[in-house]
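These notes concern the structure reproduced below.
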Amino acid sequence: MADFKLEAIKCKNCGSGLVVEINDCITYCGSCGSGFEIVHGELQPIEINFSSIAIPGNAEVVYKPFWLIKTNVQILERTAAGGFMKNLFGGSGSETSGTIAFYIPAFYCTLDAMKNLATVFTQKNPVASPQKYNAKLTGFAYGKEDAKKLCEFLLISFEAEKSDTMKTFRYNIDFNSFEILGIPFYKEQDGRFKDAVLGLEIN
Ligand SMILES: [Zn+2]
């Protein structure tokens, strides 16, 4: 394991000091709204935006990072018919390709919580107009490669959980863009978190 060295990292865009916690692979500059992925110690630009609060509440708000990954998905073969892809692509049952925006938690949570958040957010696609906030965003645990695997896991689970029996499923997925989305969560008194966009609770 490499020695951890605390360094004063400055925003490449505006020069402000950046908050980087141990293990964070991404950092957000609250002063100018720039986002950076830290790759081998270098700051590489990445788009970071935030969702506004949709469900009002009084508890303390913390922002947790999600990957927002825009993809093109092509279904090459699926031997049992079903409805999800039809709904997902918003067209007729004969359409076999379309775009999906995956919402993948980038912070540590249980596998159940991750699957639930990713599934419901991806199906509802609730953040139409993300924006810049002067907010703190830390706690990045999963990088791009982890997020890609979770997109595929989610796509397969969407198909497998249809009421019919899936026999074969072949697909192609193109990853078009990777962005970070800060989703507001309320910190509840019992230590649980509840998101302020769709109201999902996590432990
Ligand atoms: Zn900056």
task = Please go through region 34-49 and pick out each residue that is outside any loop (DSSP other than H, G, I, E, B), within 15 Å of the ligand (Cβ to nearest atom) and either over 25 Å from S129 (Cα atoms) or not aromatic (F, W, Y) (or both).
result = G35, E37, I38, L43, Q44, P45, I48, N49
key: Residue in region 2-12 that is exposed (fewer than 13 other Cβ atoms within 10 Å of the Cβ), out of contact with any Asp or Glu (no Cβ under 8 Å at 6 or more places or on another chain) and among the aromatic types (F, W, Y) present   = yes
remark   = Of the residues in region 20-66 that are surrounded by fewer than 19 Cβ atoms within 10 Å (Cβ to Cβ) and among the polar types (S, T, N, Q), the one that is nearest to the chain's Cα centre (by Cα) is N49
query = Under the condition of being within 24 Å of E145 (Cβ to Cβ) and within 16 Å of the ligand (Cβ to nearest atom), which residue from region 1-14 is modelled with the lowest pLDDT?
reply = I9
request  = Identify, from the list S52, S31, the residue that is within 16 Å of the ligand (Cβ to nearest atom), at pLDDT 90 or above and not aliphatic (A, V, I, L, M).
outcome  = S31
Filtered residues of region 121-141 (kept if closer than 15 Å to I69 by Cβ and in a loop (DSSP other than H, G, I, E, B)) = N125, V127, P130, F140
message = Return the residues of region 116-136 that are modelled with pLDDT under 90 and over 14 Å from F102 (Cα atoms); say none if nothing qualifies.
response = S129, K132, Y133, N134, A135, K136
message = Here are the criteria: (1) within 16 Å of the ligand (Cβ to nearest atom); (2) surrounded by 12 or more Cβ atoms within 10 Å (Cβ to Cβ); (3) under 16 Å from T138 (Cα atoms). Tell me which single one G17 does not satisfy.
response = (2)
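The values are calculated or read from the model by the stated rules, or taken from the named source; none is laboratory data. Because the structure is a prediction, the values reported are computed rather than measured. Backbone-built Cβ (ideal geometry, glycine too); neighbour counts: all protein chains shown.
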